[in-house]
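Presented below is the structure to which this report refers.
The values are calculated or read from the model by the stated rules, or taken from the named source; none is laboratory data. Keep in mind the model is a prediction, meaning the values are calculated, not measured. Counting neighbours? That spans all protein chains shown, and the Cβs are built from the backbone with ideal geometry, glycine included.
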Amino acid sequence: MACLSAPLLFCVTRSKPQLIVPYTSTPHQHKPLSDIDDQRTIRVHIPVLMFYRNSVDRRGEDPAMAIKEGLAKALVFYYPLAGRIFEGENGKLIVNCNGKGVLFVEAKANVKLEQLGDKSIQPPCPYLKQLLNTVPGSKGIIDCPLLLIQVTRFTCGGFALGIRFNHTMMDAQGFIQFVNAVSELVQGASVPSIIPSWERGLLTARPTPTITYEHNEFKDFELSKTTKWWDFEKLLMRTTKFINTQKLASDPLVFFSKNISHSLFIKRSFTFDSRELQAIKDQCPSSTTFEALSACLWKCRTIALRPDPNSMMLLTIIVNIRERLLDLKLPLGYYGNAIVSVTAITTAKLLCSNPISYAAKLIREAKNTVKDDYIKSIIDFMVTRERPRWTVPRNFFITDNSRFGYDEVDFGWGKPVFGGVYGVVYGVGCLVPHTRREDREGKLVALALPPIIMGKFENELRKMTKAQT
């Protein structure tokens, strides 16, 4: 049993975890992951929550049982997800499709969904541990279940679906494709509307690897030799010099260490309605909403951190390559990682002294480099450089998960009140769907920063969003 006494006495009683195996027998074979799948940065588990209200039409029906049955049927089509990963030669990750199954937990809460409040069901959710409990021995990458699912029923009849998935197996679009398959099978379909495709061999290194781009997000830029006391990241690196920050940065729930994370960082979400987004976009007439918002967040965060003016500042964005590949078209239904990182780079002085249109232009130019040659270069880079992790200091990561449909998945109880990725860590900004359905263009971003820096960031952000209002 897990309890949290403030601000709400919220208790959850869980059943014993069980393994859900494919509904019928599936092939037993070894399937190598792609050279994008097995990069070290994404050897992590990603937590997702979806909240559903009670449905009068489904009164008396058990959502946990329905989802469990749909899950078993979906695993027939997505049978590698029921397997286990092992590490082959030169660190290559391979799936042993042995049908061992995925972890499933049923739970009951002592409160109504409405009692949690709108703020608490959006990132950073204070009840994440109650709604998606880590089963001992399940958090690793090697020889661990690739999915953990928890269905928590509220006293009102609503429920929360918590899923933690192994990122090496799929990206956000692949994950939603899989969850939609479960929802379709729950509601009576015999096969998913999109048949999954493996085809990981399409995204592997060339026989003669050729690196043609810089790939700055993997470089270690030396922190400025400034002695100014306010350079937070340099101070933090000094105080953690005996900690492998690159390794710990791969954990989606912490940045440097759990103790440091809890003592130094606070987590807060920022909601941008369509009016505020337009105010930001008006400052960058040639930019998309994503480019303008990312530029705004990057500049405000850098001003708040107060790095040495000559420091190189990076903004790393995640680009979906499904529609960008010309030579190697990925098949419909590809659910592996079809994403690459690309970085905009400038000095802190130029970033902070220029309007956000300057940063937006850098972001747009970086995005536009993501074509076949760039994608092949980064795949070759992974293999020849032993799959390095992204650099952490002076880097800010932005990923847009707001349009994949986390808040659209319907198991027969209607669409979620809210749904999205819930990992909130220092250095990362993840865009998720807006909480208010009447404003479908809105965005929500959750960040982790030290308290004083968070206050400065909020002040800068307030100036930006009101610049044109």
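Could you name every one of the helices (runs of 4 or more DSSP H) located completely within segment 347-444 that has at least 1 residues being in contact with a Pro (Cβ under 7 Å, 6 or more places away or on another chain)? It would help to see each step written out before you state the result.
On the way: elements: 348-353, 356-368, 372-384.
Where helices (runs of 4 or more DSSP H) fall fully within segment 347-444 and carry at least 1 residues being in contact with a Pro (Cβ under 7 Å, 6 or more places away or on another chain), they are 348-353, 372-384.
Restricting attention to segment 139-150, the residues being over 18 Å from the mean Cα position of the chain (by Cα), more than 22 Å from GLU69 (Cβ to Cβ) and not hydrophobic (A, V, I, L, M, F, W, C) number 1.
Taking the criterion of being touching a residue at least 12 places away in the same chain (Cβ under 8 Å) and part of a helix (DSSP H, G or I), the residues of segment 58-74 that qualify are ARG58, PRO63, ALA64, ALA66, ILE67, LYS68, GLU69, GLY70, LEU71, ALA72, LYS73, ALA74. Across segment 140-157, not a single residue is classified as modelled with pLDDT under 95, surrounded by fewer than 19 Cβ atoms within 10 Å (Cβ to Cβ) and among the charged types (D, E, K, R). Screening LYS463 on (1) outside any loop (DSSP other than H, G, I, E, B); (2) touching a residue at least 24 places away in the same chain (Cβ under 8 Å) shows it passes everything except condition (2). Considered as a group, the residues in segment 279-302 that are surrounded by fewer than 21 Cβ atoms within 10 Å (Cβ to Cβ) and β-branched (Val, Ile, Thr) include one that is farthest from the chain's Cα centre (by Cα), and that residue is THR288. Just one of (1) assigned to a helix (DSSP H, G or I); (2) surrounded by fewer than 23 Cβ atoms within 10 Å (Cβ to Cβ) fails for LEU185. It is (2). One residue alone among ASP308, ASP327 is more than 22 Å from ILE453 (Cβ to Cβ) and either in contact (Cβ under 8 Å) with a residue 24 or more places away in the chain or part of a strand (DSSP E or B) (or both), and that residue is ASP327. Scanning segment 114-146 for residues that are among the β-branched types (Val, Ile, Thr) and farther than 12 Å from LEU49 by Cα yields THR134, VAL135, ILE141, ILE142.
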